[in-house]
């Protein structure tokens, strides 16, 4: 089934970065926070605050629920008494992109998309390949030639069609977009995709929950497109 469209810009202002809205008041009245105690760790522990309407469409490999480790020795070196590291290496494919892939692929599954295109420098391609395989979705993964060959092989092992693009990441995204348009196939838009931003909130929820429902004073993360901090801040809010 080809992708038939979908809202990718605001109908009023034309903005390409969209934001999900939830009935937070109804959630508070349902004693949602108390219900969390009975749920197992993971991204879908917070499913009411993720953009999937029916939980039967959830595609999961056990992502999320990663440990928040107190870095005592590093903290001493830096003069910080309460320094923590959120260890996202514990995900199914070894990066925080597993959160993104789980939510994004679940949304595609819910709306009936069976073929998708993604551009990547490595981790996104691997994560999407794993979750697409789980959901039975064909994935075309365009990777910049600057990506390690090991990452290309790993994505291919999950069954993705891997296309190596000689050029920068921006050039790779342009090639992927042109390909998706020519085949009328869904193109994942990364940081501009609702599912991607919403998935990163769960990292913020987990950190706050582990700290007794308190947000940290500071959060530091190395970024490329900035998706992690954008979503995480939304979670802290």
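None of the figures in this text is laboratory data; all of them are computed from the coordinates on show. Small disclaimer: the values here were computed from a predicted structure and weren't measured. Methodologically, a virtual Cβ is constructed for each residue, glycine included, from the backbone with ideal geometry; neighbour enumeration extends over all protein chains shown.
Taking 0.36 nm per residue of sequence separation and removing the Cα-Cα distance, the residue 156/residue 181 pair yields an extension gain of 6.8 nm. For residue 24 and residue 85, the difference between the fully extended length at 0.36 nm per residue and the C-alpha to C-alpha distance is 19.1 nm.
Could you work out the relative contact order of region 72-206? I mean the mean sequence separation of Cα pairs under 8 Å and 6+ apart, divided by the number of residues, in percent. Across region 72-206, relative contact order equals 24 percent. Directionally averaged projected area (region 46-160, Cα convex hull): 8.7 nm². In a fully extended conformation the segment linking residue 171 and residue 237 would gain 20.3 nm over its present Cα-Cα distance, using 0.36 nm per residue. Separation of region 152-214 and region 46-122, taken as the distance between their Cα centroids, equals 12 angstrom. Relative contact order, whole percent, for region 171-237 stands at 38, derived from Cα pairs under 8 Å and 6 or more residues apart.
Here the relative contact order of the chain, from alpha carbon pairs under 8 Å that lie six or more residues apart, stands at 19 percent. Here the sum of -39500 (n - 2.57) over DSSP H runs of 4 or more residues, divided by the residues of the chain, equals -12000 deg cm²/dmol at 222 nm, to the nearest 500.
Each label point was placed 7 Å from the Cα along the Cα-to-Cβ direction; for residue 164 and residue 32 their separation is 4.6 nm. All distinct Cα pairs of region 113-192 go into the 1/r average, and the inverse of that average, the Kirkwood radius, is 12.1 Å.
As a rough guide to protection, the peptides 169-182, 207-220, 94-107, 28-41 ranked by mean Cβ packing within 10 Å, highest first, stand as 94-107, 169-182, 207-220, 28-41.
Each of 150, 88 was scored by other Cβ atoms within 10 Å of its Cβ. Listed from fewest to most, they are 150, 88.
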